1. Measure out, as a whole number of angstrom, how far apart the alpha-carbon centroids of segment 268-285 and segment 178-250 sit.
2. What residues qualify as long-range amide H neighbours of Val548, i.e. H under 5 Å apart, gap of 5 or more or another chain, H built at 1.01 Å from N?
3. What ³J(HN,Hα) values, in whole Hz, does the Karplus curve 6.51 cos²θ - 1.76 cosθ + 1.60 give for segment 310-325 when θ = phi - 60°, with x put for Gly and Pro?
4. So how far, in whole Å, is the C-alpha centre of segment 288-325 from the one of segment 426-490?
5. Show Arg308, Arg20, Arg516, Arg165 ordered by accessible area, largest first, where the area counts protein heavy atoms only and the probe is 1.4 Å.
6. With a ≥ b ≥ c the root eigenvalues of the C-alpha gyration tensor of segment 294-447, is it rounded (a/c under 1.5), prolate (a/b larger than b/c) or oblate?
7. I'm spelling it out carefully: the read-out is Rg and Dmax of the Cα atoms in Å, the candidates are (i) 22.5, 70; (ii) 28.5, 99; (iii) 52.4, 181, and one was derived from this structure. Which label?
8. Leaving out ligands and nucleic acids, note down the accessible area per residue over the chain with a 1.4 angstrom probe, in whole Å².
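The values are calculated or read from the model by the stated rules, or taken from the named source; none is laboratory data. Just so we're clear, the structure is a prediction, and the values are computed from it rather than from any experiment. Using ideal geometry, Cβ is built from the backbone for each residue, glycine included, and neighbour counts are taken over all protein chains shown. The accessibility values were calculated without ligands, DNA or RNA, using every heavy atom of the protein model including side chains. Shrake-Rupley method; radii C 1.70, N 1.55, O 1.52, S 1.80 Å.
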Amino acid sequence: MNVVLTTLNAKFIHTSLALRCLKAYCADEFAVDIVEYTIKDPAMNVVSDLFQRRPDVVGFSCYIWNIEETIGIVRMLRKIMPKLTIVLGGPEVSYDTEHWMKRLPEVDCIVVGEGEETFRDLLRELAGARKFHFVFGLAYRKGDEIVINPGRPKLDLATLPSPHRFPEDVPHLGSRVVYFETSRGCPFSCQFCLSSIEVGVRYFDLERTKQDLLYLIGAGAKLIKFVDRTFNIKRDVALDIFAFLLEHHQGCVFQFEITADIMRPEVLDFLAEHAPPGVFRFEIGVQSTNDLTNELVKRRQNFAKLSRTVTTIRQSGNIDQHLDLIAGLPEEDYASFRRTFNDVFALGPEELQLGFLKMLRGTGLRADADKYGYVYMDHAPYEILGNDILPFSDLVRIKRVEDVLEKYWNAHRLDHSVAYLIGAEFETPFDFFQQFGDYWESRGWQKIGHQLEDLFTRLQDFLVFRGTGVSNLATALGLMKLDYFLGHKYKPRKIWWNDAPDKARQSAYMRLLAERPELARTGQAGQADFAAYGWGEKELHKHAVVEVLPFDAAAYFDSGVAGRERQTLLLVVYDPESAGKPASYTVPLDEGGNPAAAAAGDSVAPLIQT
């Protein structure tokens, strides 16, 4: 019996843990092939590839992001392979299962819930007596009748084989995301989340977990994402795994979903002391800071404790944090969501993910939709279109916030510029993203693509349009130039502004810096002294850029304050030996644009005589 397991991943770099769990559990009895596609792949290409594999059974793993595309493929397969057994599984079809069996007559069976044992038992029956009524957790057809068997008891996770030891995965470990679980279930009851439906948390064997992690790291994995819903629910287990990974990481990066308000001080102290920069990433679901909203969705959250945890982690400088918000929760209108956004943005996360409520099948909030006047999409992803206090018009505006937030904050292309503008020109962070998003929409830019330079020129257009004051505008444009230079791995071939120093002045600056490298002060912490490069004028022209900034850049790098007391020559060096990370240096200038004295009693001849 030729068995193929497949799914449509959201991106090529993603991998399906579910398919590998099923294959591992069936491996002693059935040969199972895994083939993965993406939701961007043309349906005809997917169907053609599956057809050429000549399967007897095809199983699809279904989620809200791929169910509609999967349906199209299933219907095409049924037309060209009428004898094929088509099986669906996954969270999207594990709830309202009768609905799916009725909507999709092309589907023979649905595996409901935890799938390893159910799918193995289904294959046994397909290869044998076909007594499907013996398979707990299965929905199937008996003539024209739809039969849904009783659910299956929870599996003992200690008995499950590892899904991470397939030789065919090894060549791709370094270029794709590895998903990893140390537990299943969630201790919380958030009514918008499917994880709340399963009561209790079960753990895999800790030693097997460690051995799997060692294998993956040794085989070349570069990014491992833990899918545990609350990784730190057991302090001792979390601390043990943190310590183990820090000892053996070999440059691999690990991402965890944590609940910040229950993070213990000793765990934070351990991470601050031992975690090197960039090895750990934390995803923290805040969702809302509205107490009534959290109460209505049965979400227990102490925002004060959460804030302390996030702040402590940020101050350590070792772990990037990705904080999540959900727009559209009960009793969270536009004004309340604005407060939530500003509360969370103030914590300074490296990434702030703004999502929109989805009425997932099986959740308590979907069952209570009428209570709050929700209207939402009929098909996946079931995103809301409004409720009694948040009309569609407000949701559309918040969508604009999300768009600009992704481009101008989460992408980290204009960190200096955006931070300055929020503090100097706008009442709150939300107002910056909202007003810029509204302007972006009014210009029709959402309908066309953009290059990197466009992000800068469009922000400049917005600042001019809104009448930004001359002084603040000049400072903002200076910081935008800084961001532009620091955002390149190599010396940029072009710039987006037209007031740069002319070639003669640039050459004069380069000549002076080659002759007097001690004039250049280190900009950001951790950089080598400029004099250490030992470069002449030719090397500087090849690997460096200069620009005049209308503020004291040295003071800005020290304090974050862009004072207008003096202008500065910015020097950015793109050292071919520095792995693509530019270094910045500053030289104070006088009113005429000439380097000021390097030290008391030390004078520098005017750069260009006027």
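1. Using only Cα atoms, the two centres lie 15 Å from each other.
2. Distant-sequence amide H within range of Val548: Leu570.
3. So the Karplus estimates, Gly and Pro as x, are 4, 5, 4, 5, 5, 5, 5, x, 9, 10, 6, 10, 10, 9, 10, 10 Hz.
4. Rounded to whole Å, the Cα centres lie 29 Å apart.
5. Descending accessible area places them as Arg308, Arg165, Arg516, Arg20.
6. It comes out oblate by the Cα gyration axes.
7. Working out Rg and Dmax of the Cα atoms in Å from the coordinates points to (ii).
8. 45
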